[in-house]
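Just passing along the structure, written as structure tokens.
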């Protein structure tokens, strides 16, 4: 190591961001439902939506250390925005998705000014409060949201004026998967940028960030806004593919579910959340088939088991296994 | 150029009834190598916290060069050239040494907000970070996460992080705390080798190191400055002896 050249430090950083075989395999596997499980494409589209939502939470929690118990606020904002645009006569999905994401991002930006000033327990309470506030507002503003009955009269036009949303979920899954992949690429770029490094710095030691002159608050506002946009996009896809919106999109249950998915899969590694979404959604589908009333019992058990046995989530456990397998010849 | 790089003017601070800074006046000229000494609880770290903005004084002013910075947030002062290190390591445990210092360089150059470009495109920033680590003998371990570094290396990384902000004034809070004697001499040699454009104020308990590396010594007792002078003056000052050897002389 004595003859360290100038080029070498960059190579080491470059190696970290190279695409790995496991990643390519993961994305190829997302195409499998089209072939092996065409009856489950609607479920697959739900999984993709959940994965997108988890991705957005991972950006703030896993990378910047911002714990949120009210992330459904942004998911729901996107869902209602997409529904309203369609109800008011514009059912084109891609522009609808963008507008809904911007709406959620605006709400995220406004709330980020409060978020940036707090950490830890106060932050959990504030995000919880924002979630509850928004849900009750949507409930009482029934002239706009349809209140408890949900928003009626949503119709999504065919994608690119060609692909209709079919009963089997072909288009729905293809659409949700495409959106997930494109946004994932953006998130992957983000975490390997100087900004991504700054976020990891905030997560590791936000006090020290101030002592190196970092614009910590401004960083937090930026990532919170980006995460809100992504959550809004996920909500919009749910509205567009199911053509309904109910108050449940803003519910505390949804905020809790997304947190569970992320912790199950492993925080701070992008793929952890995606894996968590797959496992959680499929498990929920299976358990609720077996035992509709008590399926949260099994989710609870799974959550405790994972946190106790695998502190870094399922993905952390997987990478530990592969490292051991490599170490043993 | 102004005659002081950093100055405290009549700074007061109390926590309840405990006075931790009593009318402190201190001037650090450009390029200084000053030591701040005093018994435990004298208010040395508190004074650093007051000057860097981690604490707000009840009265008094902090001047950085000609500019008053008393009301500025810590990060604002860092951007104006006032950096510090911590007595207890305060690093980014999961970031490698190179990532940590690159981050600090990126923050200084205001590119840390960029999320659409890859970090590796920032060639100059990475090279500068690597250069800083090299000057502190950390190149060989620059790809190790900070938490895996040896203790002495972590102390050096503390300084590397502060240097990445290109400070005009560097406040070192017991840079060699917990480091074995032999290594602490190397560490102080690295500090002594810093550019003369940087004014350095360090807190240190080891008098041998203080007399060797400081051109002037400031003695603090009970929240106020007792005396300031050259190492020789301090060594022969009766009041300083009383503070440090109080019990011994009485015995």
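Give the relative contact order (percent, whole number) for the range A:95-190; include only Cα pairs under 8 Å separated by 6+ residues.
Dividing the mean separation by the residue count of the range A:95-190 yields 8 percent.
Another one. PRE reach from residue B:147 (point 7 Å along Cα→Cβ): which of the range A:229-272 fall under 17 Å by backbone N?
Correct set: A:266-269.
Determine the calculated [θ] at 222 nm for the protein assembly as shown from helices alone, applying -39500 (n - 2.57) to every DSSP H run no shorter than 4 residues and normalising by the residue count; nearest 500 deg cm²/dmol.
About -18000 deg cm²/dmol.
Helix A:216-242 versus the longest principal axis of chain A: what angle, 0 to 90°, nearest 10, using Cα atoms?
Result, in degrees: 40.
Of all beta bridges DSSP finds with both residues in the protein assembly as shown, what is the antiparallel percent, to the nearest 5?
55
If you don't mind, another one. Checking the a/c ratio against 1.5 first, then a/b against b/c, what shape does the Cα gyration tensor give for the range A:125-270?
oblate
Once you place label points 7 Å from the Cα toward the Cβ at residue A:252 and residue B:205, how far apart are they in nm?
In this crude label model, residue A:252 to residue B:205 measures out at 5.0 nm.
Take the protein assembly as shown, drop everything but the C-alpha atoms, weight them equally and run the Debye formula without solvent; then report log10 I(q)/I(0) at 0.08 Å⁻¹ to two decimals.
One equal scatterer on each Cα of the protein assembly as shown leads to -0.66.
When Cβ neighbours within 10 Å are restricted to other protein chains, what is their mean count per residue of peptide A:9-21?
Across A:9-21, the average partner-chain Cβ count within 10 Å equals 4.
For chain B, set up a GNM with springs between Cα atoms under 10 Å and report which of B:232, B:176, B:164 has the largest fluctuation.
Its mean-square fluctuation being the largest, the pick is B:232.
Where does each of B:68-76, A:92-100 land if you order them by average Cβ count within 10 Å, highest first?
Output ranking for B:68-76, A:92-100: A:92-100, B:68-76.
Going by average Cβ density within 10 Å per residue, which order do the peptides A:296-302, B:207-213, A:26-32 take, highest to lowest?
Final packing ranking: B:207-213, A:296-302, A:26-32.
Taking Cα atoms of the range A:270-329, Rg/Rh with Kirkwood Rh, to two decimals?
Ratio value, two decimals: 1.09.
Among B:77-88, A:123-134, A:46-57, how do they line up from the highest to the lowest mean number of other beta-carbon atoms within 10 Å?
A:46-57, B:77-88, A:123-134
Neighbouring Cβ atoms within 10 Å as the yardstick, rank A:192, B:130, A:120 fewest first.
The order, fewest Cβ neighbours first, is A:120, A:192, B:130.
Mind checking the mean number of beta-carbon atoms from other chains within 10 Å of the Cβ atoms in A:122-133?
Counting other chains' Cβ atoms within 10 Å and averaging over A:122-133 gives 0.
Sorted from fewest to most neighbouring beta carbons within 10 Å, what does the list A:110, A:282, B:243 look like?
With the fewest neighbours first, A:110, A:282, B:243 line up as A:110, A:282, B:243.
Then there is this: Would you please classify the overall shape of the range A:42-200 from the alpha carbon gyration tensor, given that a ≥ b ≥ c denote the square roots of the eigenvalues, rounded means a/c under 1.5, and beyond that prolate means a/b larger than b/c while oblate covers the rest?
Cα axes put the range A:42-200 in the oblate bin.
Moving on. Taking every pair of alpha-carbon atoms in the range A:32-327, what share in percent sits in each 10 Å bin, from 0 to the bin with the longest distance?
Result returned by the calculation: 7, 27, 36, 23, 7, 1, 0.
Please compute the average number of Cβ atoms from other chains found within 10 Å of each residue's Cβ in peptide B:86-96.
Across B:86-96, the average partner-chain Cβ count within 10 Å equals 4.
Kindly express, to the nearest 10 degrees and within the range 0 to 90, the angle between helix A:93-115's C-alpha long axis and the longest C-alpha principal axis of chain A.
Long axis of A:93-115 versus the principal axis of chain A: about 60 degrees.
Hey, fewest Cβ within 10 Å first, where do A:209, A:261, A:17 land in order?
Fewest-to-most ranking of A:209, A:261, A:17: A:17, A:209, A:261.
No lab work stands behind these numbers, since they all come straight from the coordinates. Small disclaimer: the values here were computed from a predicted structure and weren't measured. Every residue, glycine among them, receives a Cβ derived from its backbone with ideal geometry; neighbour counts consider all protein chains shown.
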